[in-house]
1. If I go through segment 200-213 residue by residue, how many of them are touching a residue at least 40 places away in the same chain (Cβ under 8 Å) and either touching a helix residue (DSSP H, G or I) at 6+ places or on another chain (Cβ under 8 Å) or on the phi < 0 side of the Ramachandran plot (or both)?
2. Being at pLDDT below 90, surrounded by 17 or more Cβ atoms within 10 Å (Cβ to Cβ) and either not assigned by TED's automatic domain parsing to the domain that holds residue 143 or not in a helix (DSSP H, G or I) (or both): is that true of residue 251 here?
3. Residue 362: touching a Gly at 6+ places or on another chain (Cβ under 8 Å), closer than 29 Å to residue 250 by Cα and charged (D, E, K, R), yes or no?
4. Among the residues of segment 207-230, count how many are at pLDDT below 90 and not small (Gly, Ala, Ser).
5. Anything in segment 128-153 that is surrounded by fewer than 16 Cβ atoms within 10 Å (Cβ to Cβ) and over 15 Å from residue 97 (Cα atoms)? List them, or say none.
6. Being acidic (Asp, Glu) and either at pLDDT 95 or above or within 29 Å of residue 278 (Cβ to Cβ) (or both) is true for just one of 356, 382. Which residue is that?
7. Residue by residue through segment 276-293, note down the ones that are surrounded by 14 or more Cβ atoms within 10 Å (Cβ to Cβ) and under 19 Å from residue 349 (Cα atoms).
8. Which of the residues belonging to segment 168-189 are surrounded by 16 or more Cβ atoms within 10 Å (Cβ to Cβ) and touching a residue at least 24 places away in the same chain (Cβ under 8 Å)?
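The values are calculated or read from the model by the stated rules, or taken from the named source; none is laboratory data. These figures come from a predicted structure and were not determined experimentally. Cβ placement follows ideal geometry from the backbone for every residue including glycine, while neighbour counts extend to all protein chains displayed.
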Amino acid sequence: MTTALVRPILVAAVLATTAQPAPAQDTRHPELSTPASETSYGCLVCHADKRRAFVQGVHSEWGIRCHDCHGGNPDVLEVEPAHAGEFVGAPDKLQTVEICSSCHADPDQMRQYGLPADQFAELRTSRHGQLLEAGNQDAPTCSDCHDPHTTLPSSDARSATFPKNIPDTCGRCHTDAEMMEPYGLGIGQLEEFRHSSHGRAIYEEDNFASPSCIGCHGSHAALPPDVGEITNVCGRCHIDVRRALVSGPHGETTETGIVVLGCTTCHTNHGTERVDSEAIAETCTNCHAEGDAAAQVGEEVEEGVVRAEREMESAREAISELVLAGRQTSDARFRYRNALTEFRQIAKVHHSLDAERLTDLELRVSSIANGIEATAEVAAEERWEHRLLLIPLWFFALSIAVLAHFRLRRA
């Protein structure tokens, strides 16, 4: 099928939704969503297995019926007349898009459910949609990501679009070496993502605010971000980091068009990892010659971050010592939280390479941490003083015990 023939089909799907009003609610068959056997609806006579799957999904809940998607005549029980007219058995990929968009591209129908009506338009802009229009059978259609019968909301853990399931849904195709080979795409993205900071947040911490595939590529408008767009894509979540980056020398060179630097220059894309504080300078030498002015800035940043980390670790140890000494730690913990607030700013500000601001934050962290350590040292000294005072008491008690022992022996 050529592009010239396919495109009108896709366009017609949207035009049709504006010309046809939504079916009246009283024409629906709510009995399809009930467990009771329905003998008057012809489709169920042969397709009981599809009914069992269908009644679990949201389409059944809202009264969608078999012939709303497949056509045919459900009022008869014979196969041939039931499949007469505009019957669509197993729709092909383009027919699936047309069927789904007949409702899901209609704002008047989607508004009542709080669903967007732009998925079809987004699909057409995506790489998937472009391939689909060209007749490529590798390209996914709606039913490849959404079960066509047991259609579940993304909030349902059984759904293929549940946040934790999205990587595996995309991975059905993107881990298939034979399918990806003609497009020059690798197949290691899913495995990289599972071990990334984003992947661990989703799989290990159930943090669904962390992005999966669609967080960066989009869902229906699935496209890889251009190099110049990466900072903005990451910046949707990492707002302060993006601001710091664009305010610094990296951001300035990007705006001039000399060099396009994005987050993936230092952090990989699918395997997104934190750069260890002791590897900052080494990361800078991936682009800058070791020993030049830019690399030296990286060394200064690394030194400042490492010092701040050590101060925070010393403060944590000091609080532990206070606990072991049986001292009240509420004030020390409060001060530690203040230090932690300043320390977390360092991780954001160092993207700007603003040495003055970094030094200021490091000094604030150091000042608070030193105060906590001093408190622990005072407590330790007092603890030793108490122990020293106990020595004469123990000696006196021991002397009395010895004297008593000798007296008893004489008696």
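1. Here the count works out to 3.
2. The answer is yes for residue 251.
3. Yes, satisfied.
4. 7
5. 153
6. Every option except 356 fails the conditions.
7. To start, the set of residues in segment 276-293 that are surrounded by 14 or more Cβ atoms within 10 Å (Cβ to Cβ) comprises 277, 280-285, 287-288.
Scanning segment 276-293 gives 277, 280, 281, 282, 283, 284.
8. Result: 169, 170, 173, 189.
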